[in-house]
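None of the figures in this text is laboratory data; all of them are computed from the coordinates on show. Every value quoted in this text rests on a predicted model; they were computed, and no experiment measured them. Note that we place each Cβ from the backbone using ideal geometry, even for glycine, and neighbour counts take in every protein chain shown.
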Amino acid sequence: MPLLDDKVKESVKTLLSVLTRNVKLIVFTQEKECSTCMDAIVLAEEMAALSGKISIEKYDFGIDKNKTDQFKIDKVPSFAIIGATDSSSSQWKDYGIKFSGIPAGYEFTSFLNAIKMVSLGNSELSQKTKDALKTINKPINIKIFVTLTCPYCPTAVMLANRFAFENDLISAEMIESAEFTDLAKKYNVYGVPKIVINENIQFEGALPEDLFLAKILSA
């Protein structure tokens, strides 16, 4: 069953018409104990059908261990968004941008934004922020716990993705709390967006660019 209705498809197709470089959606699923994995595949296929710039690769979480290790996948369904570094798509780059769970509801905006950013090669961050991100010289992992009905969560997700795009040492992962309840319980997610940076810095709310950056630098 399709996930996107015709009206949404037309809007998405228009938005994706500006893409320049090719984007690949890497989808990780498994047959058992994953009620939303089929939806993840359907969503990826529908997105690819709306733009010639989007392709997909599908992997089984339990079988394709080399790929799960490569993209640091530890839950399903998950999406990794990678981009071609040139027009010929001879080389691809992983920006450390992942979505764990179905990026539906308000998070569909975050998903589209990530695809567009990777294709256009522009994070839209201020130059001051870009310069500060260049000073980071150790790995930074950002987990953003969301719910699909939270109107403030996409702001946090998109900002974390932009940080990851600018520095290869930064990774960002949207985690849908309702799909990964054990993980939400582990990190005491009582309000969203809940952000966890390198396991030792946690806060709630969609902070503006400069304050979010300060949290990352303090990590």
Protection proxy (average C-beta count within 10 Å per residue), highest first, orders 124-133, 47-56 as 47-56, 124-133
Whole-Å semi-axes of the stretch 1-126's equivalent ellipsoid (Cα gyration tensor):
22, 19, 13
Working from the pairwise distances between different alpha carbons, so that the mean of 1/r is found and then inverted, what is the stretch 6-218's Kirkwood radius in Å?
17.3 Å
Only helices counted: for the chain, with every DSSP H run of 4 or more residues adding -39500 (n - 2.57) and the sum spread over all residues, [θ] at 222 nm is -11000 deg cm²/dmol
Could you list, in their original order, any pairs among LYS75/LYS185; LYS58/LYS93; LYS93/LYS138 whose Cα atoms are separated by more than 21 Å?
none
Given the candidates VAL189, ALA219, LEU3, the one whose Cα lies deepest towards the positive end of the charge dipole of the chain, counting +1 at each Lys or Arg C-beta and -1 at each Asp or Glu C-beta, is ALA219
Show me, for the stretch 23-38, the HN-Hα J-couplings you get by feeding each phi into the Karplus relation (A = 6.51, B = -1.76, C = 1.60, θ = phi - 60°), rounded to Hz, glycine and proline as x.
10, 10, 9, 9, 10, 10, 9, 8, 6, 9, 6, 8, 6, 10, 5, 5
Once Lys and Arg get +1 and Asp and Glu get -1 on their Cβ, which of ALA80, GLY52, VAL18 lies farthest toward the positive end of the dipole of the stretch 1-88?
VAL18
For the chain, what's the relative contact order in percent, using C-alpha pairs closer than 8 Å and at least 6 residues apart?
18 percent
Could you identify which residue out of ILE102, ILE73, ILE63 has the top mean-square fluctuation in a GNM of the chain using Cα springs shorter than 10 Å?
ILE63
Of all DSSP beta bridges in the chain, antiparallel share, percent nearest 5:
55 percent
Run the lone-cysteine check on the chain: no other Cys C-beta under 4.7 Å from the residue's C-beta.
none
What is the sum of charges, Lys and Arg at +1 and Asp and Glu at -1, for the other residues whose Cβ falls under 12 Å from the Cβ of LEU183?
0
